[in-house]
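What follows draws every value from the coordinates through simple rules; no lab data is involved. Quick caveat, the model's predicted, so the values are computed rather than measured. All Cβ positions, glycine included, derive from the backbone under ideal geometry; neighbour counts span all protein chains shown.
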Amino acid sequence: MFNLGPTELALIFGIALLIFGPSKLGELGKAAGRGIAEFKKATKEVKDVIPKE
């Protein structure tokens with residue numbers, strides 16, 4: 001999707017670690033995971049409704 005390699009991901013993770021710190025980074029990861037899961041659930045519900053109509 002974004003074509004990020006391991007070097008770019010490590011750099012992004014390192015910068016995020018410096019900015020937010022290790023304890024806050026875990027909380028942000030959990031929140032992001034929940035947000036992605038809710039988004040997938042909502043898009044699945046929309047896809048299920050569209051063919052029915």
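Model label sites at LYS30 and VAL49, defined 7 Å from Cα along the beta-carbon direction, differ in position by 3.1 nm.
Toward the positive end of the charge dipole of the chain, with +1 on the Cβ of Lys and Arg and -1 on the Cβ of Asp and Glu, the farthest Cα among PRO22, VAL46, ILE12 is that of VAL46. Taking the Cα centre of segment 6-52 as origin and assigning +1 to Lys and Arg Cβ atoms and -1 to Asp and Glu Cβ atoms, the resulting dipole is close to 240 debye. If you plug the beta carbon distance of LEU18 and LYS40 into 1/(1 + (r/R0)^6) with R0 = 30 Å, you get a FRET efficiency near 0.50. Equivalent-ellipsoid semi-axes for segment 6-52 (Cα gyration tensor, √(5λ), whole Å, largest first): 33, 13, 5. Between 0 and 90 degrees, the angle of helix 6-20 with respect to the longest Cα principal axis of the chain falls at about 80 degrees. Computed from Cα atoms, the angle from the helix 22-52 axis to the main principal axis of the chain rounds to 20 degrees.
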